[in-house]
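S.K.: Below is the structure I would like to discuss, written out as structure tokens.
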Amino acid sequence: MLEDRHIFSVLVENRFGVLARIAGLFSGRGYNIDSLNVAETDHPEISHMTIVTHGDAQIIEQIYKHLNKLIDVIKVTDLTTENHVERELVLIKMNASPNRRGEILQIVEIFRARTVDVSPATLTIEITGDEGKLKAVIDMLRPYGIQELVRTGKIAIMRGAAK
Amino acid sequence: MEPMRGANLLIESLKREGVEYIFGLNGGAAMPIFDALYDAPDIKLIPMRHEQGAAHAADGYARATGVVGVVLATSGPGATNLVTGIATAFMDSIPMVAITGQVFTHLMGNDAFQECDIIGVTRPICKHSFLIKTSDEVADIVAEAFHIASTGRPGPVVVDFAKDAQISESIFRFPESVNIRGYKPSVDGHPRQIAKAVELIHNAKRPIIYAGGGVVLSEAAKELREFAIKTGIPITVTLMGLGAFPETHPLSMEMPGMHGSCCANYAFTDSDLIVAVGARFDDRVTGELKKFAPKANKVHIDIDPSCIGKNVAIDVPIVGDAKRVLAKMNELVHHVDIEPWRRQTDEWKEKYPFEYHQRGDKIMPQYVIQQIYEIYPDAVIVGDVGQHQMWAAQYFKFTQSRQWLNSGGLGTMGFSLPAAIGAQLGCPDKTIVNINGDGSYIMTIQELVPAVTLKLPLKIFIINNMYLGMVRQWQELFHQKRYSAVDYHDNPDFALLAQAFGATGLRVERIEDVRPALEKAKHINEGPVVIDFIVDEDENVFPMVPAGAGLGDVIRGLA
């Protein structure tokens, strides 16, 4: 069956153990989490999770239903089926000897990334964007030598007025 | 109001929930709770001999009555001993609250003596869990735990109670209502879905009703009976639902599945419409999914949306409580004209009844079940797991909801004796018959102690074939008769052992003694009676749908 990537936006009670329940839902059924992002919302007692996962239609339906079934889960939205904006932030530490630094900074400029740290041999870049943009910039930077790369995992939000 | 200790707040909260019995075992991290129970005559503490037994007893109480069962154990090993009992209740959606003591909060995570992260251990096998870290939280958490355990799709809830919270003091304030924003089960089926289902029903030529344990849990037996009789659709009831529709009724096709009736299995395979109510298309019912009911539209009524479409694609899903949805459907349905189909199901039923052949002068296990049925037709039957369980399901004709209690989902051997204790306490006026196997009986045999102490008039009938019979059957059929680790001839004499426990113990080895022994047991009511029926060792359970086969390929029996 066709496997699709899905982005679930999940509002949960901000309590200990909630993350373990959600992780257990996936691990206990052999489903995979591609990325997971958790943080407080503007209500301190509610947290927001963005879960990126993949599977065929039947698996995605089960994930949706089982997320809803958890007592600590308040609301689940499958953003893939909605008009939404998604972003991810990546920090990339580059090998950047003084003679290559100029070229790297040009790429940074073109992609509207930012330099957040510099040392004699390295340059650390911050970039935000959707999947396509991040892939493009990483592909461009790779030949110069990526020392370390960390990403936040996707966060996403529905466009327009709340339904 | 004066502040009181967390342990006393727990007891006060349990009283508000109407708790009648707590099944438990004392231990270090639960001592303040047991101490508080010492002054609480309204709640009867039933001291079991092993925490697993305590959990099964609470579970049996819940199954027999529909009321939340409560089990109490200490931290660490006390808590881990509950695990099998909690998983058993979870798989069969039984409302239960399991309370465990926990070490002091400042010691948690430090590998303290008798410490175990029981919340972590039980996370995948309970409906929800709570950790009480301060006495302020006790009343709210107890109220939420009981609400979650008993509503929606019921299930066990674990409440882990740190010892410092048991000792510290707070004012008792019990919430008047519970409102959990992430937990709002849908109970009324969607009217448009119900209308669609009714239309399918009215147009079907070969429909069947497939009902399960959800009917028992939602107390929908009356509505189910009305639905079947009003429409005239033949019905099969699963192992978990036995009794929800009387098996003595002409519409009954009896149990489906691996060891179910040929009639029910053929009907699934040929049907053009399946109306599933509170059943979950379990692998033991469907057989090979690719061959399951290929021609049928499927309507599925279930309170748990995640159950719908899990194994089998559903045409009309209806999320709701079985009782409410069936009541609504009963207003809309009329009799369906399916005369040729009814003739067909009746023919199967007549042609392929459950049957066995007498072997020499051996006591056949099925014969014992038939005699139990004749002598105790209205008893609550508590079955264990194995061949005897299937024979009981096949040969006892269940007519009432909650008449058959067994561990269907997890298949927990050792469940039945402690569950029978809980059932008897919950239903003091009913006769409780425990049909057990020799392998399962000895797994929790220690619970005969509280049964004797409490003078419970349990009828404990062991179908003793000196083997782990169901495994032996599979070895015979699928493992070239290589009987690895199934020979139980070294078991003790269960009659003598019963006497050592202070119960009445009888051993029956001849056919002609079966009925007199069962009759005699009827009149022994000052405590439990154990009858060890020494039955034919070689008998197998048939019919049988082998693993990987479709229901249409059922083996009716060996020549």
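S.K.: Evaluate the stretch A:107-114: report whether one residue or more is modelled with pLDDT of 95 or more, surrounded by 15 or more Cβ atoms within 10 Å (Cβ to Cβ), more than 10 Å from chain B (Cβ to nearest Cβ) and touching a Gly at 6+ places or on another chain (Cβ under 7 Å).
M.R.: No, the conditions are met nowhere in the stretch A:107-114.
S.K.: When you scan the stretch A:70-163 for strands (runs of 3 or more DSSP E) that lie fully inside it, which ones turn up with 3 or more residues that are farther than 28 Å from A:Ala23 by Cβ?
M.R.: A:84-95, A:114-118, A:122-129
Conditions (1) of a type in the set (Val, Ile, Thr); (2) closer than 30 Å to A:Met140 by Cα, marked per residue:
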| site | (1), (2) |
| --- | --- |
| A:His43 | no, no |
| A:Ser47 | no, no |
| A:Thr50 | yes, yes |
| A:Glu61 | no, no |
| A:Leu67 | no, no |
| A:Val76 | yes, no |
| A:Glu88 | no, yes |
| A:Met94 | no, yes |
| A:Glu103 | no, yes |
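S.K.: Among the residues of the stretch B:118-153, which ones are free of Cβ contacts under 8 Å to residues at least 24 places away in the same chain and facing another protein chain (nearest Cβ under 10 Å)?
M.R.: Within the stretch B:118-153, B:Gly120, B:Arg123, B:Pro124 meet the criteria.
S.K.: Being aliphatic (A, V, I, L, M) and outside any helix (DSSP H, G or I) is the filter; apply it to the stretch A:30-69 and report the residue that is farthest from the other protein chains (Cβ to nearest Cβ).
M.R.: Checking each candidate, the answer is A:Val52.
This table checks each residue for (1) assigned to a loop (DSSP other than H, G, I, E, B); (2) crowded, with 19+ Cβ neighbours inside 10 Å; (3) away from every other protein chain (no Cβ under 14 Å).
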site: B:Ala276; (1), (2), (3): no, yes, yes
site: B:Arg280; (1), (2), (3): yes, yes, no
site: B:Arg284; (1), (2), (3): no, no, yes
site: B:Pro294; (1), (2), (3): yes, no, yes
site: B:His300; (1), (2), (3): no, yes, no
site: B:Asn311; (1), (2), (3): yes, no, no
site: B:Ile314; (1), (2), (3): yes, yes, no
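S.K.: If I ask for residues that are charged (D, E, K, R) and at pLDDT 95 or above, which ones from the stretch B:512-559 would you list?
M.R.: Across the stretch B:512-559, the qualifying residues are B:Glu512, B:Asp513, B:Arg515, B:Glu519, B:Lys520, B:Lys522, B:Glu526, B:Asp532, B:Asp536, B:Glu537, B:Asp538, B:Glu539.
S.K.: Would you be able to say whether some residue in the stretch B:312-324 is more than 29 Å from A:Asn68 (Cα to Cα), touching a Phe, Trp or Tyr at 6+ places or on another chain (Cβ under 9 Å) and among the β-branched types (Val, Ile, Thr)?
M.R.: Within the stretch B:312-324, none of the residues are more than 29 Å from A:Asn68 (Cα to Cα), touching a Phe, Trp or Tyr at 6+ places or on another chain (Cβ under 9 Å) and among the β-branched types (Val, Ile, Thr).
S.K.: Working carefully through the options B:Glu219, B:Glu226, find the one that is surrounded by fewer than 24 Cβ atoms within 10 Å (Cβ to Cβ), within 30 Å of B:Ala149 (Cα to Cα) and more than 18 Å from the chain's Cα centre (by Cα).
M.R.: One residue alone meets the criteria, B:Glu226.
S.K.: Next question. For the stretch A:81-93, check the following and say yes or no: at least one residue is within 29 Å of B:Ile180 (Cβ to Cβ) and of a type outside the set (D, E, K, R).
M.R.: yes
S.K.: Also: Could you tell me whether the stretch A:34-46 includes any residue that is buried (at least 20 other Cβ atoms within 10 Å of the Cβ) and not charged (D, E, K, R)?
M.R.: There is no residue in the stretch A:34-46 that is buried (at least 20 other Cβ atoms within 10 Å of the Cβ) and not charged (D, E, K, R).
S.K.: Here's another thing I want to ask about it. Hey, any hits in the stretch B:438-445 for a residue that's out of contact with any Phe, Trp or Tyr (no Cβ under 6 Å at 6 or more places or on another chain) and of a type in the set (D, E, K, R)?
M.R.: The answer is no; no qualifying residue exists.
S.K.: While we're here: Restricting attention to helices (runs of 4 or more DSSP H) lying wholly within the stretch B:411-465, give those where 2 or more residues are under 27 Å from B:Glu537 (Cβ atoms).
M.R.: Once the helices (runs of 4 or more DSSP H) in the stretch B:411-465 are filtered for at least 2 residues that are under 27 Å from B:Glu537 (Cβ atoms), what remains is B:416-426, B:438-441.
S.K.: Check B:Cys307 against each of (1) on the phi > 0 side of the Ramachandran plot; (2) within 14 Å of chain A (Cβ to nearest Cβ); (3) not small (Gly, Ala, Ser) and name the one condition it does not meet.
M.R.: (1)
S.K.: Can you tell me which residue within the stretch B:154-181, out of those that are assigned to a loop (DSSP other than H, G, I, E, B) and in contact with a Lys or Arg (Cβ under 8 Å, 6 or more places away or on another chain), is nearest to the other protein chains (Cβ to nearest Cβ)?
M.R.: So the residue we want is B:Gly155.
S.K.: Which residues, counting only those in the stretch B:248-265, are in contact (Cβ under 8 Å) with a residue 60 or more places away in the chain, of a type in the set (A, V, I, L, M) and surrounded by fewer than 24 Cβ atoms within 10 Å (Cβ to Cβ)?
M.R.: B:Met258
The values are calculated or read from the model by the stated rules, or taken from the named source; none is laboratory data. Predicted model only: the values in this text are computed from it and were never measured. As a convention, Cβ positions derive from the backbone with ideal geometry for all residues, glycine included, and neighbour counts pool all protein chains shown.
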